[in-house]
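Below is one structure; the comments refer to it alone.
The values are calculated or read from the model by the stated rules, or taken from the named source; none is laboratory data. It should be emphasised that the depicted structure is a prediction, and the values quoted were computed from it without experimental measurement. Note that each Cβ is placed from the backbone with ideal geometry, even for glycine, and that neighbours are counted across all protein chains shown.
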Amino acid sequence: MNCLSVMKILIITNLFPNKKEPNRAVFNKQQFLGLSKFCELKVVAPIPYFSYSKKQVPEVEIIDGIEVYYPRYLVIPKILRALYSLFFFFGVKGMVRNIYKEFRFEKILASWAYPDGCASAKIASDMKMPLIMKVHGSDINYAEKYFMRKAMIVKAFNKASRIIAVSSNLIDKITSWGIPQLKIVLLPNGVDKSKFYPMDKKEARNMLGLADNKKYILFIGNFVEVKGIEYLIEAFMEVQGLVAHDQANVELVLIGDGILKKKLKETAEGLGVISKVHFKGRVAHSEIPVWLNAVDVFCLPSLNEGCPNVVLEALACGTPVVASCVGGVPDFIKRGVNGFMVEPKDINALSEKLKEVLLKDWHKEEIALSSAQFEWRENAEKLLEILHCVQDDSHSESVGRRI
């Protein structure tokens, strides 16, 4: 795509890796890395006061060639949530002003609706600059529970020049809030095909120390209620007696961590399957492709989702998926071709589909082909097109911009 000058973009989002959380929102990093091949960009990734010291997370850091700023903003957990956007704005605006002195960005891209998008709407308005908001699913699903938060997001949506949604389901929700569909663009996440591709299963298992004579079910994600992991453990108990005469042949691997870890262990122990449920903790993102290639099925039993990147990554590795029919999942799963979908919380259906996947012969290359259209470079090119289509309606000179 040709243009007379290279476009300059400022990205504002809490969803970006930092020194302390290198695996945080890797999907955003991958997308923005792709975008950086076509335009100049900087990232402002605010973090709450007292979360990390400046020694743990410095104020400025270069991550894979991208200059990232980490201003602090006030957050009082579970208190004054309706003011989080205001706190975010005051924590960020000074740094944005300083960045603009040296880096004359033309547009602001905010990734995450609240407080990021709402605060960015105020910043963009003050600077007379176009705003593009990218929403992910959980930010919208959560906002539906809170009238004030939803109202603030709708106000920000109305100020935004474009809204990027990662799933068709998310577009339906946003339009139900009264936002014109013409303002919304569908752009699902992508996959790094240089890292996520079919590998020899035996080789992958050798790398991880997994047995060749067992079947493995894998979950990757945060141990929080919305992920529905307790339903997976209950379904796993039922799968035990369905797949093979030897019940020890099927095991469940849980990668991740979170507040429900203790409760999940107690659930597995109470169901008598604790010896076959392996809590692996968090692993480096570079190890995820090996795990996805080593197992027989990936399972995501979520109650709500946006565009779960891990599903795309599993498919790119040629691993079948059983997932809840929520969020962007229906955009990816083709029944019997690369996996199955079930309704959330339906333990019987989940166990039956896991059994069906484990008993069927799958062809890795065919499954991987089903995700061929989701690739980060193409994704970045589409994002660039969206940004180019957004014009500065103010037509004001840059010297007139303020914050």
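Out of Tyr114, Tyr100, Tyr70, one residue alone is under 22 Å from the mean Cα position of the chain (by Cα), over 26 Å from Asn304 (Cβ atoms) and modelled with pLDDT of 95 or more. It is Tyr70. The residues on offer are Ser36, Ser53, and the sole one that is without any contact (Cβ under 8 Å) to a residue 24 or more places away in the chain and polar (S, T, N, Q) is Ser53.
Here's the yes/no breakdown for (1) among the β-branched types (Val, Ile, Thr); (2) in a helix (DSSP H, G or I); (3) modelled with pLDDT under 95:
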{"position": "Lys193", "(1), (2), (3)": "no, no, yes"}
{"position": "Phe196", "(1), (2), (3)": "no, no, no"}
{"position": "Asn206", "(1), (2), (3)": "no, yes, no"}
{"position": "Asn213", "(1), (2), (3)": "no, no, yes"}
{"position": "Leu232", "(1), (2), (3)": "no, yes, no"}
{"position": "Met237", "(1), (2), (3)": "no, yes, yes"}
{"position": "Gly241", "(1), (2), (3)": "no, yes, yes"}
{"position": "Ala248", "(1), (2), (3)": "no, yes, yes"}
{"position": "Leu252", "(1), (2), (3)": "no, no, no"}
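When the criteria are applied in full, Gly137 meets the requirement of being in the same structural domain as Ala160 (by TED's automatic domain parsing), buried (at least 21 other Cβ atoms within 10 Å of the Cβ) and on the phi > 0 side of the Ramachandran plot.
Of the residues making up the range 150-168, just one is surrounded by fewer than 23 Cβ atoms within 10 Å (Cβ to Cβ), in contact (Cβ under 8 Å) with a residue 60 or more places away in the chain and part of a helix (DSSP H, G or I), namely Ser168. If you go through the range 310-363 and keep only what is of a type in the set (Asp, Glu), under 24 Å from Gln30 (Cβ atoms) and surrounded by fewer than 18 Cβ atoms within 10 Å (Cβ to Cβ), you end up with just Asp331. Scanning the range 217-231 for residues that are crowded, with 16+ Cβ neighbours inside 10 Å, touching a residue at least 60 places away in the same chain (Cβ under 8 Å) and under 24 Å from Asn23 (Cα atoms) returns Ile217, Leu218, Phe219, Ile220, Gly221, Val226, Lys227, Gly228, Ile229. Exactly one residue among Ala235, Ala156, Ala165 is more than 22 Å from Ala323 (Cβ to Cβ) and of a type in the set (A, V, I, L, M), and that residue is Ala156. Comparison of Glu343, Glu305, Glu287, Glu365 shows that the only residue that is among the acidic types (Asp, Glu), over 16 Å from the mean Cα position of the chain (by Cα) and under 14 Å from Gly228 (Cβ atoms) is Glu343. Considering the conditions (1) within 29 Å of Ala372 (Cβ to Cβ); (2) hydroxyl-bearing (Ser, Thr, Tyr); (3) surrounded by fewer than 16 Cβ atoms within 10 Å (Cβ to Cβ), Ser275 is excluded by exactly one of them, (1). What are the residues in the range 119-151 that are among the basic types (Lys, Arg) and under 23 Å from Ile9 (Cα atoms), if any? Lys122, Lys128, Lys134 - these are the residues of the range 119-151 that are among the basic types (Lys, Arg) and under 23 Å from Ile9 (Cα atoms).
A quick yes/no check of all residues on (1) surrounded by 19 or more Cβ atoms within 10 Å (Cβ to Cβ); (2) more than 22 Å from the chain's Cα centre (by Cα):
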site: Ser5; (1), (2): no, yes
site: Ile9; (1), (2): yes, no
site: Glu21; (1), (2): no, no
site: Arg24; (1), (2): no, no
site: Lys29; (1), (2): yes, no
site: Leu35; (1), (2): yes, no
site: Pro46; (1), (2): yes, no
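Every test in (1) farther than 28 Å from Lys382 by Cβ; (2) buried (at least 20 other Cβ atoms within 10 Å of the Cβ); (3) of a type in the set (Ser, Thr, Tyr) is passed by Ser53 save one, and that test is (2). Scanning the range 250-286 for residues that are out of contact with any strand residue (DSSP E or B) (no Cβ under 9 Å at 6 or more places or on another chain) and either of a type in the set (Lys, Arg) or within 22 Å of Glu21 (Cα to Cα) (or both) turns up Gly258, Ile259, Leu260, Lys262, Lys263, Ala284, His285, Ser286. The condition (being out of contact with any Gly (no Cβ under 7 Å at 6 or more places or on another chain) and either farther than 19 Å from Gly328 by Cα or outside any helix (DSSP H, G or I) (or both)) is satisfied by just one residue among Lys173, Lys202: Lys202.
Restricting attention to the range 1-42, the residues being of a type outside the set (A, V, I, L, M) and touching a Cys at 6+ places or on another chain (Cβ under 8 Å) number 1. Could you tell me whether any residue of the range 77-96 is assigned to a loop (DSSP other than H, G, I, E, B), assigned by TED's automatic domain parsing to the domain that holds Glu385 and touching a residue at least 24 places away in the same chain (Cβ under 8 Å)? No: zero hits. Within the range 99-149, work out how many residues are over 16 Å from Ala25 (Cβ atoms), in a helix (DSSP H, G or I) and of a type in the set (Asp, Glu). Total meeting the criteria: 2.
In the range 56-76, the qualifying residues are those that are in a loop (DSSP other than H, G, I, E, B) and free of Cβ contacts under 8 Å to residues at least 24 places away in the same chain, and the one that is farthest from Ala380 (Cα to Cα) is Ile76.
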